[in-house]
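Engineer: Encoded as structure tokens, here's the structure I'll be asking about.
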Amino acid sequence: MTFTFKKIMPLLLISVLIVSVSATATHIQGVKAENAAIIFNPNYTISGVDPSQEPAYTDSVANMIAYYFNTYGQNYGYVSTCEDQYATKQQYMNDLSSLSNSYYNLVVYSKGHEWNWTMINGNTGNFELIPNDYGTNGAVQDSNNVYPYTTTADRFVFLWHCGTAMSYPSTDGSSGWEGMAYDFTHDNSMHTSGLTSPDTGSDVFMGFIWYSPEYYNSTGYNSNNYGDFVTYFYQGLLQYGDTVSEALNYASGLTLGNSNLALTPFYTGMSESYPGMGTYTSQFRVYGDSNLHIPA
């Protein structure tokens with residue numbers, strides 16, 4: 001795929017063009033419609049890890065994703081950015097449940113922090129997303145707060161949180177099904193090398209082994225940040241009608257300097273150091289069929 005022939009839209013558009021629905025939206029249709037998209041953005045920050053610019057930049061990327069869905073997505077009965085104080089633990093569960101049951105295809109994107117869920121029975125194979133109200137109501141746990149509220153409708157899931165691609169294929173452990181990939185999709189047969197060896201299934205899951213880089217961190221190529229990678233990926237999917245692999249390679253060429261994502265450290269493995277906190281390894285993974293288009 002040649003990305004240089006595409007016209008690149010500016011990352012910053014006038015905010016009035018963005019249709020963003022708050023977590024209190026009530027227009028979920030009673031009869032199953034075709035597609036829905038939810039963009040979770042809790043912005044729970046950790047001192048020493050998140051740059052000071054991270055929350056505002058994360059909001060801007062979430063709004064750009066919503067812009068592409070609202071402008072170019074077809075047959076979407078619902079598009080919502082659930083940001084900041086609205087992205088609570090209960091709202092994750094409410095949205096996953098209502099949208100999974102109301103739409104044939106649910107497209108999920110979430111960006112934030114994630115930890116091993118180790119407090120119960122030492123079950124280190126389980127993971128949890130950190131919502132905005134983590135300090136008050138706790139985390140969004142895979143087997144407790146994701147699996148019971150999702151269905152096979154969750155076909156296209158991208159979690160920009162640490163560890164989201166781990167514990168897959170999943171096992172049913174002492175605290176339920178382990179890992180985010182299975183608990184979101186209910187599919188335990190996705191190829192784990194879905195970018196380079198896609199299967200022929202109906203699901204795609206994208207996440208990280210170990211660490212996920214902060215959006216505001218530099219990619220090291222042409223003054224790009226990792227948030228730019230996400231923005232261009234959804235532009236490729238929705239504005240240009242790319243497949244998952246085409247959109248990933250498109251975003252990679254623009255922000256990582258190589259239009260074959262599989263050959264970049266972002267995919268093969270990289271590390272980043274934080275003063276006083278050590279060095280973290282990161283590896284982006286794609287499970288399932290990357291030849292699929294986003295439901296549109």
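Engineer: Just to confirm a number: summing +1 for Lys and Arg and -1 for Asp and Glu over residues other than Asp187 whose beta-carbon lies under 14 angstrom from that of Asp187, what do you get?
Structural biologist: Overall, the nearby charge balance is -4.
Engineer: Under a Cβ-Cβ cut-off of 15 Å, what is the net charge of the residues other than Ser47 that fall near it, where Lys and Arg count +1 and Asp and Glu count -1?
Structural biologist: With Lys, Arg at +1 and Asp, Glu at -1, the net is -3.
Engineer: Say the dipole of the chain comes from +1 at the beta carbon of Lys and Arg and -1 at that of Asp and Glu; which of Cys82, Gly253, Gly207 then lies farthest toward its positive end?
Structural biologist: Most positive-ward Cα: Gly253.
Engineer: Further question: May I ask you to evaluate 6.51 cos²θ - 1.76 cosθ + 1.60, the Karplus curve with θ = phi - 60°, for each residue of the stretch 262-268 and list the ³J(HN,Hα) values in order in whole Hz, giving x for glycine and proline?
Structural biologist: 4, 9, 9, x, 4, 9, 7
Engineer: Also, quick follow-up: Taking θ = phi - 60°, what integer Hz values does the Karplus form 6.51 cos²θ - 1.76 cosθ + 1.60 yield along the stretch 228-237, in sequence order, with x for Gly and Pro?
Structural biologist: The phi angles translate into 5, 4, 5, 4, 5, 4, 6, 5, x, 4 Hz.
Engineer: From the backbone phi of the stretch 280-290, what are the Karplus-calculated ³J(HN,Hα) couplings (6.51 cos²θ - 1.76 cosθ + 1.60, θ = phi - 60°) in whole Hz, Gly and Pro given as x?
Structural biologist: 10, 9, 9, 8, 6, 10, 10, 10, x, 10, 7
Engineer: To continue, here is another question. From Cα coordinates alone, what are the radius of gyration and Dmax values for the chain in angstrom?
Structural biologist: That works out to 17.6, 54 Å for Rg and Dmax.
Engineer: Quote the relative contact order of the chain in percent (integer), defining contacts as alpha-carbon pairs under 8 Å separated by 6+ residues.
Structural biologist: Relative contact order here is 19 percent.
Engineer: Follow-up. Could you tally the net charge around Tyr211, taking each other residue with its Cβ under 15 Å from the Cβ of Tyr211, Lys/Arg +1 and Asp/Glu -1?
Structural biologist: Local charge sum for Tyr211: -3.
Engineer: In debye, nearest 20: dipole of the stretch 3-288 around its Cα centre with unit charges on the Cβ of K, R (+) and D, E (-)?
Structural biologist: Dipole of the stretch 3-288, to the nearest 20 debye: 480 debye.
Engineer: Continuing with the same structure: I need to check one value: relative contact order of the stretch 112-253, counting alpha carbon pairs closer than 8 Å and at least 6 residues apart, in percent.
Structural biologist: In percent, rounded to a whole number, it is 19.
Engineer: Would you grab the residues whose amide H sits under 5 Å from the one on Ala37? Only those 5+ places off in sequence or on another chain, please, with H modelled 1.01 Å from N.
Structural biologist: Hits under the 5 Å cutoff: Tyr78, Val79, Ser80, Val107.
Engineer: For Gln85 and Thr71 in one chain, what is 0.36 nm times their gap in residues minus the Cα-Cα distance, to one decimal in nm?
Structural biologist: Length gained, Gln85 through Thr71: 2.5 nm.
Engineer: Now, a different point. Sum -39500 (n - 2.57) across every DSSP H segment of at least 4 residues in the chain, then divide by the residue count to get the 222 nm mean residue ellipticity, nearest 500.
Structural biologist: -7000 deg cm²/dmol
Engineer: Quick one: of the DSSP bridges fully inside the chain, what percent are antiparallel, nearest 5?
Structural biologist: Here the antiparallel bridges make up roughly 50 percent for the chain.
Read-outs throughout are calculated quantities, based only on the coordinates presented, and are distinct from any laboratory measurement. Just so we're clear, the structure is a prediction, and the values are computed from it rather than from any experiment. Backbone-built Cβ (ideal geometry, glycine too); neighbour counts: all protein chains shown.
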